[in-house]
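The values are calculated or read from the model by the stated rules, or taken from the named source; none is laboratory data. Predicted, not measured: the structure shown is a model, and the values here were computed from it. Counting neighbours? That spans all protein chains shown, and the Cβs are built from the backbone with ideal geometry, glycine included. Ligands, DNA and RNA are stripped out before the accessible areas are found, and what is left, the full protein with its side chains, is counted by its heavy atoms. Shrake-Rupley method; radii C 1.70, N 1.55, O 1.52, S 1.80 Å.
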Amino acid sequence: MLELGFEVKEIVEGRARLLVPKGVGEVDPSKLPAFYNPASKASRDIAVLVTAAFFSGGDRTFAEPLAGLGARSVRLLLESGAFSEGKACDINENSVRLISVNARLNGLESRLRAYHMDANVFLSSIAAERQKVHYVDLDPSGSPVRFLEGSIRALLPGGLLGVSATDLAALSGASPRTALWRYGIRLTRTAFRKEVALRALTAVAVMAASRLSRSAVPVFAVIHRHFARVFLTVRRGKTGAFRSVSQLGYLKYCDACLNVERVVELLGTPESCGSCGSPSRLLGPLWLGPLQDPELISRVLSSGLLREETFGEVRGLITHVSEELGDVPFSYPVSELSRRARCSPPSPRTVVTALREMGYRASLTHYDHSAIKTDAPLKVLYEIVRRPA
Ligand SMILES: C[S@@+](CC[C@H](N)C(=O)[O-])C[C@H]1O[C@@H](n2cnc3c(N)ncnc32)[C@H](O)[C@@H]1O
Ligand SMILES: [Zn+2]
């Protein structure tokens, strides 16, 4: 297209018609003249579903500081039924021009405004000009950390923050040095790294809110494909801020036997595993409270939207999230337990059933088909995996 200076094609995502650069699907999204990643559709689907369920009534406003070519903003306006208006910003001029084009293509020219500036300047001006919004969707390539405080300041009291991260090597414990300098969180590789990534990302958001005398409480969190995403309600007040950060803590992990212990008081905590005596590692601070609001999830699950064909991929995922023990901050891969017990692994579902029959709480996880969560002691788990089939 001549006026854009690069070739585009039209695609459909959800109810949106979108003009995207011609190389989409073939070229790495960051190499395109304007960013669009088809693999992130699930992240946009989830944003539509969660905001639809969180906000009842359609007169809310939102801001998307890192909007790419506007796919998410357009879909939030067309599909969630939650918003009357949105502001979409990107630092890339090509993207900003496409945001306007895509808004027009979907009849949203009066409801979606495009901004060409740095995300933090955009967010600060929203806060300074008393244009605060009900929802901020922060969706970076990599880490959201630089934009978190600005996003929180741009929110109206009681607003919702949706934040993603794709720097999963840092957040999951695979790159402990990066986790320490970028987030101030001590991590290590564990058998439940995706859970660690979600709880580290949540902790980062909670700490950012707390610095601004605000509470942040997660209402929905999911890790899927290449991204982790958490939605948090943000409220003003020091008491709430204190209550939120009080749910941060440490986990003590033993790679020899997979034992995990919650640690609230660091001083005097023994370094060896309470189960087998091997050296343990401390991880944290991590969010150790519940990650999900069951009422919000049941509203998502019962919404008519979820039955639309476009939400097929995330329907199963959200169902798995709803069945998971959201208050247990770790999981055990049954294959790893069995390897340590030198026996062949039973199916995770069999282990969950056996635990429930014994009166324990147990579930599968949404992020690892071989893992289970439970409140049963580790030795009970070993007894179950050692049982003859
Ligand atoms: C992962 S993409 C956003 C994708 C979009 N949210 C979606 O769902 O389709 C990240 C975007 O952030 C933009 N970006 C990077 N640094 C920025 C900054 N400092 N200010 C504003 N935009 C920035 C990039 O140009 C890119 O379009
Ligand atoms: Zn141990």
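Can you tell me which residues in segment 329-347 are within 30 Å of Val217 (Cα to Cα) and either crowded, with 21+ Cβ neighbours inside 10 Å or at pLDDT below 95 (or both)?
Within segment 329-347, the first condition is being within 30 Å of Val217 (Cα to Cα), and the residues that meet it are 329-333.
Within segment 329-347, Pro329, Phe330, Ser331, Tyr332 qualify.
Among the residues examined, Tyr382 does not qualify as among the aromatic types (Phe, Trp, Tyr) and under 28 Å from Ala221 (Cα atoms). Evaluate segment 68-84: report whether one residue or more is in a loop (DSSP other than H, G, I, E, B), of a type outside the set (Ser, Thr, Tyr) and at pLDDT below 95. No, because not a single residue in segment 68-84 is in a loop (DSSP other than H, G, I, E, B), of a type outside the set (Ser, Thr, Tyr) and at pLDDT below 95. Restricting the first member to segment 217-239 and to residues that are of a type in the set (Phe, Trp, Tyr), and the second to residues that are at pLDDT 95 or above and open to solvent by 40 Å² or more (accessible area, probe 1.4 Å), the beta-carbon pairs closer than 8 Å and six or more apart or on different chains are Phe220/Asp293; Phe227/Thr166; Phe231/Phe54. Scan segment 49-65 for residues that are open to solvent by 40 Å² or more (accessible area, probe 1.4 Å) and closer than 24 Å to Gly150 by Cα and the total you get is 3.
Has segment 133-143 got any residue that is open to solvent by 10 Å² or more (accessible area, probe 1.4 Å) and more than 9 Å from ligand 1 (Cβ to nearest atom)? There is at least one residue in segment 133-143 that is open to solvent by 10 Å² or more (accessible area, probe 1.4 Å) and more than 9 Å from ligand 1 (Cβ to nearest atom).
Screening Ala191 against (1) outside any loop (DSSP other than H, G, I, E, B); (2) open to solvent by 10 Å² or more (accessible area, probe 1.4 Å) leaves a single unmet condition, (1). When residues in segment 241-295 are screened for being modelled with pLDDT of 95 or more, farther than 26 Å from Val230 by Cα and more than 16 Å from ligand 2 (Cβ to nearest atom), 0 of them pass.
Residues considered: Leu266, Leu251, Leu232. Of these, the only one that is away from ligand 1 (no atom under 16 Å from the Cβ), assigned to a loop (DSSP other than H, G, I, E, B) and aliphatic (A, V, I, L, M) is Leu266.
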